[in-house]
Amino acid sequence: MNKTAWASRGSSLPSDRIPSKAQAAQPAKAKGKQKDAGPPKSKDILRLEKLRDDLRKATGTERDPKGGCFCQARMHPLSPYTPICRACGLVLCELNLPQFACPHCGAARLVPAARTALVDALDTQIADTLAREDAERARAVQEARAAQGAFPTLSASASAAASRASTPGPGPDPHPANQTHKVLSLNPKTKRVKVESYTPPAGAAVSGSRAASKEKEKEKEKAKQAAAEPEYRRVPAPPSEVVVSRTQPDAQRPWANVRGLNVTYVPPSRA
């Protein structure tokens, strides 16, 4: 019996007559069901979730990388979470986030129990905000349905006629770019009409499309800048050393500014 290459033991030559033992690879099954993509989260929800997550990860001794704010609630509203530092008594505005230490003395502004209570309060606030937004969204849908149902319903023939009337017919073909067209001009001296053929340059359409794309990019950048949160003006920390003058005040002019500033004394009126 003649032995072929595919019948001999240890051969590596394949044959289409010998069934393959390798099984076809089966598609991998999905490990879990994909979550339904809900509506996008609002800015309030994102802000509250970020604050809650930062509080969970922080220890309370980290310094604010932006330096905090020393306006003492004169330029910004009072902080709703930690309105005052219990160590040094500094009044804190809303720009001083509760997960950071006091910008003046560096002490932790929340004890562990207070931090846990604040995290629970933020969870409750997030749940209430989500419920309120869902209710507002459902109410808007109901109002839209009510407004849509306020119009009388049309019969089948009337609705078909209205749909045919509202359906636009085939419009004219768009004007192709760089198409040669006739130009009619009148010579004011000879009073003769002159007809010429004109073909716009090829770069005109390209430059127009580039200009339109640049305008769209500028509009997108403006929209991003408008959507971004504004950067608040922060009051820096006071200097560590108090600037004083070493000059003794004059007895004849005790009101004089010895620091060198040009100030004029105005006596009070005796009216």
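Read-outs throughout are calculated quantities, based only on the coordinates presented, and are distinct from any laboratory measurement. All of these numbers come straight from a predicted model, not from anything done at the bench. Cβ: placed from backbone, ideal geometry, glycine included. Neighbour counts: every protein chain shown.
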For this session: Filter the cross-link list LYS182/LYS220; LYS41/LYS220; LYS50/LYS220; LYS66/LYS220; LYS43/LYS218 down to pairs whose alpha-carbon distance in this structure exceeds 30 Å.
Result: LYS182/LYS220
For this session: Return the long-range amide H neighbours of ILE84 (sequence gap of 5 or more, or a different chain), with a cut-off of under 5 Å between placed amide H atoms.
Result: LEU92
Exercise. Based on the mean of other beta carbon atoms within 10 Å per residue, what is the order of 54-67, 73-86, 133-146, most packed first?
Worked result: 73-86, 54-67, 133-146
For this session: Set Lys and Arg Cβ to +1 and Asp and Glu Cβ to -1, take the dipole of segment 97-136 about its Cα centre, and tell me which of ALA117, CYS102, LEU130 lies farthest positive.
Result: CYS102
Exercise. Hey, if you drop one equal point scatterer on each alpha-carbon of segment 69-108 and run the Debye formula without solvent, what base-10 log of I(q)/I(0) do you get at q = 0.36 Å⁻¹?
Worked result: -1.44
Seminar exercise, completed: Sequence order, segment 79-94: Karplus ³J(HN,Hα) from phi using 6.51 cos²θ - 1.76 cosθ + 1.60, θ = phi - 60°, Hz rounded, Gly and Pro as x, gives 5, x, 9, 9, x, 8, 7, 6, 8, 10, x, 6, 6, 10, 8, 6
For this session: Would you mind putting 91-102, 114-125 in packing order, based on average other-beta-carbon counts within 10 Å, highest first?
Result: 91-102, 114-125
Seminar exercise, completed: Phi-derived 3J(HN,Hα) across segment 119-127 with the Karplus relation (6.51, -1.76, 1.60, θ = phi - 60°), rounded Hz, x for Gly and Pro, is 4, 5, 5, 5, 4, 5, 5, 5, 5
For this session: Please work out the Cα convex hull volume for segment 43-147 and give it in Å³ per residue.
Result: 108 Å³
